[in-house]
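For reference, the structure discussed in these notes is given below.
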Amino acid sequence: MNTYTFGPFSLFPDRFVLACDGASQQLTPRLLAVLQYLIRNRDRVVTKEELINDVWNGSFIEEGIVARTVSTLRALLGDVAESPKYIQTVSRVGYRFIHPVNIQYDDSSLLAGKSDIATRNCKHRFVGRHEEISAFNQRLAKCEQGAGSILCFSGPSGIGKTALGETLLSQAEGRAMVARGRCAPGLSVTESYAPFIDAFTDLFNSSADAELRQRLKEVAPVWSSQAALALGQGADNSGAAGDPTNSPARQFVAAVTEVSRKQPLILFIDDFHWADTASVHLVGFLSLRLAQLRLLLVTTVRCTELLRSAHPFAQLSHELELKGTCHRVRLDALSVEEVAEYVDLAAPSPPDAKESVAHCFYRHSEGNPFFMISAIRYFKSTGALSEIDGKWCVEPGLSDTALKIPPNVEKLLLYSLEQLDLEDQYLLKVACLQGVEFDSATVSEVSGVSITEVEERLRACARVHEVIRHLGDSELNAVASVQHYRFVHTVFWKALQDSIVPSRRTALGSKIAELRRRNAHQTA
């Protein structure tokens, strides 16, 4: 199948993958179909009616779903409707793909090179995560014995949730049937059950058991019809208009039951913090039947997104944890030793330079896998990390110089900052001028905001946004205490510092210096 390259993006239709700058996104069948259709017909305007007929097979769809699907694609491409680079809206007519496209025959090695964080590195450059792998194996063993469960991997952006999931799935080959689905921002308002439609389609399409496929059509006609549409086939609606009490959720459970009779089943749903409400309800319905199913449902979530959007899965997962049905495992940063192990695989260096190279990349990533991989690529591209006789060496003094943030990491950090309201952003800008570690009393004094409001806002920044971490409290005087915090990543602290205009940095820096002098004088 052809591969399409446009700008920094590469689209691999046979794998449902959109790759960009070393990272990859798994597209839903519907998103892929719309994007591929626009690219193939980029020489003309594609009407809304044409998309409904050719992509949705002329079936009845909710009003506005085409526009919302295109909007989701724009979000994935970083495109803006008012000044588009990729998808142009032609008013009252339709859409046109306007960016030049290079078409080439699909080479699997190219995909590995474009997205090694999710493919090649999963198998050959995966380090650490021993406790997480153990938790998965324990749940899978119980699944094989007939007791299903839900395993939820949580953590911030770039911590390696998807890479861990793909590694675990590859290790489970032969022990269970595997089906994948993925949520995407904006998709929760375009299509109900979106990630589970993907998973069912994957399951239905990958099964070589004709008898099982027929049974799935019989017990889950609605899902089988959706799978046929996603695969570009005509929908088989025979039996779809059966018992009206046979809801999509009940049909899905019936399908899982049929599969798990044959062998254990692992459903992997990535980025569930973007799941639609119907999908969350389906998880709740599945949880009632897990004791009788050989099913292991594995999800990945960002807790910050769940809390920020008041997502229904936050409450459901908490309730299921209390019942012992859901097991949440939080991924933390890699250790210094694990970073050294990865760096030695990705950029092997001479024996006398191993320690300095590992220290350099730990300093630039603090154990965040995405930051680490981005730093390696960035330093290779800039020549700061150079290859000599098959070994990689860091330029002298790099480990001791100021932090250098790769552009893609900077975008992620600035996006995280933009999720804060303006008052929180201002307080963190004051805080970052104290250093990587800071205290609430100084932030209050310099910003002019009451200590109570500062402490409440800092607590929310730590809990909801995970940009800072509470270190503890100390006594300020006989009646008051001061809270101490640290920025979660030094690269975040650096990005925040760089976002302050010089005049404000000077003014705030002077206030902090004066306050420190006054405090030092009082102490003396």
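Relative to the longest principal axis of the Cα atoms of the chain, helix 312-323 runs at roughly 90 degrees.
In this label model, residue 141 and residue 355 are separated by 3.9 nm, measuring between points 7 Å along each Cα→Cβ vector.
Where does helix 422-432 land angle-wise versus the long Cα axis of the chain, in degrees 0 to 90, nearest 10? Approximately 50 degrees, to the nearest ten.
In straight-distance terms, cross-link reach from residue 262 covers every one of the lysines whose alpha-carbon lies under 18 Å from its own, apart from those fewer than eight places away in the same chain; here that gives 142, 217.
Using the beta-carbon distance between residue 309 and residue 40 and R0 = 30 Å, what value does 1/(1 + (r/R0)^6) give for FRET efficiency, to the nearest 0.05? Plugging the Cβ-Cβ distance into 1/(1 + (r/R0)^6) gives 0.30.
By the rule of a C-alpha distance below 25 Å, with chain neighbours fewer than 8 residues away ignored, the lysines paired with residue 85 are 48, 114, 411. Once the C-beta distance of residue 98 and residue 292 is scaled by a Förster radius of 51 Å, the resulting FRET efficiency is 0.45 to the nearest 0.05.
Report for the chain the percent antiparallel among DSSP-assigned beta bridges with both residues inside it, nearest 5.
On the way: 35 of 58 bridges.
So the antiparallel bridges amount to about 60 percent of the total.
Against the chain, whose longest principal axis is taken from its Cα atoms, helix 221-230 shows a tilt of about 70°.
Counting only residues at least eight positions apart within a chain, or on another chain, the aspartates and glutamates with an alpha carbon under 12 Å from that of residue 391 are 344, 352. Among 435-448, 495-508, sorting by the average number of other beta carbon atoms lying within 10 angstrom of each residue, highest first, gives 435-448, 495-508. Alpha-carbon geometry of region 126-330: the Rg and the Dmax are 16.3, 50 Å, given in that order. Starting from the Cα of residue 418, step 7 Å toward the Cβ, then list every residue of region 127-165 with an amide N under 18 Å from that point. What the label zone holds, given the 18 Å backbone N cut-off, is 157-158.
Percent antiparallel among DSSP beta bridges with both residues in region 126-330, to the nearest 5?
About 0 percent, rounded to the nearest 5.
Calculated from the structure at hand, log10 I(q)/I(0) by the Debye sum over Cα atoms at q = 0.10 Å⁻¹ is found among (1) -0.92; (2) -1.01; (3) -0.81 as (1).
Residue exposure proxy: 392, 493, ordered by other Cβ atoms within 10 angstrom of their Cβ from fewest to most, comes out as 392, 493.
Kindly provide the helix-only [θ] at 222 nm of the chain, computed as the sum of -39,500 (n - 2.57) over DSSP H runs of four or more divided by all residues, to the nearest 500 deg cm²/dmol? Please report the intermediate quantities before stating the final value.
On the way: 23 runs with 256 residues, N = 524.
That comes out to -15000 deg cm²/dmol.
Dipole size of region 313-441 about its Cα centre, with +1 on Lys/Arg Cβ and -1 on Asp/Glu Cβ: approximately 340 debye, rounded to the nearest 20. If you plug the beta carbon distance of residue 497 and residue 451 into 1/(1 + (r/R0)^6) with R0 = 25 Å, you get a FRET efficiency near 0.60.
With neighbour counts taken as other beta-carbon atoms within 10 Å, the residues 318, 327 rank, fewest first, as 318, 327. Ranking of 415, 485 by neighbouring Cβ atoms within 10 Å, starting from the fewest: 415, 485.
Rule-based calculations on the coordinates, nothing more; no lab input. Since the model is a prediction, treat every value here as computed from it, not as a measurement. Neighbour counts are summed over all protein chains in view; Cβ atoms, including those assigned to glycine, are modelled from backbone coordinates with ideal geometry.
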